[in-house]
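Written out below as structure tokens is the structure these notes cover.
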Amino acid sequence: MLSGAVLDTSGLDELLPDWKTRGAPVETPVRGDRIYYLTERSRLRSPFTGPLSNHGNYVISLNRFVRWLSEQAEAEGIDIFTGFAGTEVLFEGDRVIGVRTGDRGIDKHGERKGTFEPGVDIKAAVTIFADGVRGNLTKTLISKLHLDGSVPQRYAIGIKELWEIPPDRVSPGSVVHTMGYPLRTEEFGGGFIYGLPEGRLAIGFVVGLDYRDPLFDPHMAFQRFKQHPLVAEMLRGGQMTRYGAKALPEGGWHAIPRCYVDGALIVGDAAGFMNSMRLKGIHLAMKSGICAADAAFDAVRSGDVSASVLATFQRMVNAGSLRRELYRVRNVHQAFGAGLFAGVACAGLAPVTGGWWPRGLLSSEAGHERMARLARYYRTEHPDPDGTSNAVKVDRRVTFDKLTNVHYSGTRHDEDQPVHLLVADTDVCRTRCREEYGNPCVRFCPAHVYEMVDDGTGDGRRLQINASNCVHCKTCDIMDPYQIITWVPPEGGGGPEYEGM
């Protein structure tokens with residue numbers, strides 16, 4: 001439950017119209033929007049907020065909000081079982097009949113420990129997949145049944161910190177978005193700063209996972225962002241208290257897969273219901289969940305849960321606010337493939353054009369396919385993948401190394417369990433990937449999970465996976481240029497703790 005945490009309440013209004021009297025932790029209305037274009041030392045404020053306007057929205061702790069929602073569900077007699085990871089989709093032919101949970105009590109060598117508990121099969125008339133961005137179950141479902149959208153899904157990584165600062169420095173409800181520095185015009189993304197009550201500040205940085213430079217490091221870009229005078233002044237004398245990272249599905253309307261099959265539906269981030277231009281997905285996840293609940297209820301009541309009946313879900317999506325909001329921004333992320341100014345133009349003209357953009361100016365490949373090889377990007381046969389010329393000096397006051405940040409994520413994994421990051425061929429890492437791309441996994445991972453270490457021969461390197469550092473952002477599964485890394489759930493209960501975020 002890590003998010004930029006500015007809530008459009010339209011989904012909540014549909015689900016629980018009386019949410020205010022129920023005591024929802026939605027208390028800090030947005031009281032001001034600012035958008036800046038940054039250069040290294042200066043800033044230019046935009047006179048318009050356009051689609052980034054947050055009038056009527058609320059700055060929230062998503063963690064608190066979701067805990068409150070779970071209490072509302074349990075009060076209605078709904079059982080919620082946490083700590084059990086779904087590891088396998090159950091099929092009868094092409095019909096989904098449920099999910100298998102993972103075994104517990106397996107050691108790092110794959111042997112059963114004394115605490116071993118086998119996974120269980122949970123069967124249902126309709127299974128609704130809400131396993132988040134690049135969810136392992138949804139990924140299997142889309143691949144097996146060929147449900148892909150008409151264009152590849154595109155992703156970004158959002159990196160976020162929670163700070164405590166002097167309470168009079170940033171007003172609760174203040175919202176700031178930035179473009180430009182430290183990103184180059186070929187890179188998609190920007191920063192966000194949200195003022196919370198009691199002197200808390202949520203600050204983060206979003207980077208499109210379709211950048212070309214194999215040596216680019218999103219975490220380092222975030223540290224540079226915090227060094228900018230605009231941001232550094234806000235953080236001066238403050239204390240970072242939490243850290244996290246997650247992927248965001250930003251491919252738009254045409255990248256959404258077919259979300260209904262025999263016995264199953266896909267909702268939320270797992271399906272790609274996110275408005276990348278507004279940086280909003282919480283309300284869309286809620287709305288897609290409402291549509292799925294209605295479609296599933298009608299199908300179960302009729303005794304027919306086939307795809308043809310569950311297709312009602314898609315008709316509800318098309319007829320409602322989900323399509324109205326997403327269709328007009330359907331090309332925004334792809335337009336940024338031609339550079340910052342093309343992307344801004346597409347976004348700015350969307351209200352007039354309805355989201356249309358010349359097809360020839362739209363990037364249509366998967367993000368990892370856009371990464372260039374070292375020799376091509378740096379125009380040299382011997383680029384230095386270990387070079388540190390772009391490194392940020394870590395002061396542990398404003399800027400932090402990845403391991404320090406991981407500590408503040410609260411991530412916990414039992415060391416004696418199988419590695420949950422599966423690399424199909426580690427020989428590729430020490431040979432082809434090092435030569436062709438400079439092992440980008442050591443940079444795009446925001447948690448120092450992947451490390452190239454001496455292999456003991458004196459002249460070689462091998463991949464070391466520090467799985468206990470993982471903050472479950474899924475970036476490695478998405479951005480690996482060879483697509484040989486697969487993220488699977490660790491033993492249930494492991495991972496980051498985003499309490500208060």
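One chain, two ends: His109 and Lys393. Fully extended at 0.36 nm per residue, the span grows by 98.4 nm beyond their Cα-Cα distance.
Listed by chain and number, the aspartates and glutamates whose alpha-carbon sits under 16 Å from that of Lys113, ignoring those within fewer than 8 places in the same chain, are Asp103, Asp414, Glu415, Asp416, Glu491. Distant-in-sequence amide contacts of Gly189, defined by a placed amide H-H separation under 5 Å and a gap of 5 or more residues or a different chain, comprise Gly208. Sorting 343-353, 158-168, 189-199 by average packing, meaning the other beta carbons within 10 Å per residue, from highest down gives 189-199, 158-168, 343-353.
If you average the sequence gap of Cα pairs under 8 Å that are 6 or more apart and divide by the length of the chain, what percent do you get for the contact order?
Values: 1072 pairs, mean separation 93.7, N = 501.
Contact order relative to length: 19 percent.
Taking θ as phi - 60° and the Karplus parameters 6.51, -1.76 and 1.60, the scalar couplings of the range 317-329 work out to 4, 5, 8, x, 6, 4, 5, 4, 6, 7, 5, 6, 10 Hz in sequence order, x denoting glycine and proline. On full extension, the segment bounded by Thr140 and Asp94 gains 15.3 nm, given 0.36 nm per residue less the C-alpha separation.
Which entries of Lys160/Lys474; Lys226/Lys402; Lys108/Lys139; Lys139/Lys160; Lys20/Lys246 have Cα-Cα distances beyond 18 Å here? Don't skip to the answer; put the middle values down first.
Working: Lys160/Lys474 15 Å; Lys226/Lys402 15 Å; Lys108/Lys139 25 Å; Lys139/Lys160 25 Å; Lys20/Lys246 29 Å.
Pairs exceeding the cut-off: Lys108/Lys139; Lys139/Lys160; Lys20/Lys246.
For the pair Val453 and Ser42, a Förster radius of 35 Å applied to the C-beta separation gives a FRET efficiency near 0.25, rounded to the nearest 0.05. Computed FRET efficiency, Cβ-Cβ of Tyr408 and Arg258, R0 41 Å: what is it to the nearest 0.05? That gives a FRET efficiency of 0.55. Multiplying the residue separation of Ser321 and Ala73 by 0.36 nm and removing their Cα-Cα distance gives an extension gain of 86.9 nm.
Cα centroids of the range 421-489 and the range 7-52: how far apart, whole angstrom? Centre-to-centre (Cα) distance: 37 Å. Note on Cα Rg over 2.2 N^0.38 Å: of the candidates (i) 1.11; (ii) 0.96; (iii) 1.53, the value calculated from this structure sits at (ii).
No lab work stands behind these numbers, since they all come straight from the coordinates. Computed from a prediction, not measured in an experiment: that's the story for all the values here. Neighbour counts are summed over all protein chains in view; Cβ atoms, including those assigned to glycine, are modelled from backbone coordinates with ideal geometry.
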